Amino acid sequence: MRVGILGGGRWGQALARLVIAAGNEPYIAYRDKKPPHVLKSTKDQPKVAEACDLLLVATSASELRHAIQLAKPGPGNRVVVAGRGLEPATTKWLCDVVLEESDTIRVGALAGPAPVEEILNGGLCAGVVASDYSQVCTAVTKALHSSRYRVYESEDLAGVQLAGAMTPVFATLLGMAQNLRGSGVGMHALVLSRGLEEASRLATCLGADPWTFTGLAGVGDLVAGQARAGQSTWEAGKRIAKGKTDKGPEELARALVRLAEQHNVEIPLTEALVQIYDGLHPLDAVTGLMSRSAQPEHR
């Protein structure tokens, strides 16, 4: 099976390695000056869409729209976004962006704990693919499932996309909480548990399944994003705690706040991170969160 990958960066190359591990052939569409090392690739974006029924989009959320415009997937393609759920500038689902910018009909999303460096070094991991079309999930399973990478299938497209967008935000908050003066495991546990509650509350209002956040796209990805020092989101939170400017997942956090406001949902942790980006001291943000009125745990 030939699998197209839009994006020749390290995430695109990692997906290509998983495609190979599953006994398939990756074909990368890249835009950089240098082609991905060893892997079959081309700068002719539409050529990949023409040659491959299944396309995995491995660009950043902000670059996805342009990547689809260049590749021009058609009705015969199945396009799966392996990105972070929301387009920051518009708060639109990335799968909806694909539908807007192409003639494709069958779309899906791939998320979960898949650290790029571990994949490139032969590590084991897993992911969840979601789509309204079962054939899309089946194609991704065939393309990626192996003894190195387990693929699980889901019908909750909105939930998987939302989880992909929210987990970097919470991982950053956890990195910050672990490094703030005077904080400890209690603060870590508070941010983790209330973050999941926050995500579930927004998911419910969007018609997604809140249980999706207990799986690979939610808890799994969150653990991978803050399990040890050195993870990019954890380090972003650490720098914020030390008073250093760090954009981290700022665009995602702002997009999520706008999305929540559209649906009249409170997401105080994410809102606090945006306030920090706007100049509020992290300790003041924590004070504000701890000063909120008492309320039922689940509402």
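Regarding the range 201-224, can at least one residue be identified that is modelled with pLDDT under 90 and surrounded by 18 or more Cβ atoms within 10 Å (Cβ to Cβ)? Yes - at least one qualifying residue is present in the range 201-224.
Screening the range 25-129 for helices (runs of 4 or more DSSP H) wholly inside it with 1 or more residues that are surrounded by 20 or more Cβ atoms within 10 Å (Cβ to Cβ), modelled with pLDDT of 95 or more and not acidic (Asp, Glu) returns the ranges 45-51, 64-71, 94-101.
Could we say that Gly248 is surrounded by 13 or more Cβ atoms within 10 Å (Cβ to Cβ), on the phi > 0 side of the Ramachandran plot and touching a residue at least 60 places away in the same chain (Cβ under 8 Å) here? First the steps, then the outcome.
Numbers: surrounded by 13 or more Cβ atoms within 10 Å (Cβ to Cβ): yes; on the phi > 0 side of the Ramachandran plot: yes; touching a residue at least 60 places away in the same chain (Cβ under 8 Å): yes.
Answer is yes for this residue.
When Arg148 is tested against (1) charged (D, E, K, R); (2) touching a helix residue (DSSP H, G or I) at 6+ places or on another chain (Cβ under 7 Å); (3) in the same structural domain as Lys244 (by TED's automatic domain parsing), just one condition goes unmet, and that condition is (3). Take the conditions (1) over 29 Å from Arg254 (Cβ atoms); (2) touching a strand residue (DSSP E or B) at 6+ places or on another chain (Cβ under 6 Å); (3) touching a residue at least 40 places away in the same chain (Cβ under 8 Å); Ala109 misses just one of them, which is (1).
The values are calculated or read from the model by the stated rules, or taken from the named source; none is laboratory data. Here the structure is a predicted model, which is why all the values come from computation and not from measurement. Positions of Cβ are backbone-derived with ideal geometry, glycine not excepted, and every protein chain shown enters the neighbour counts.
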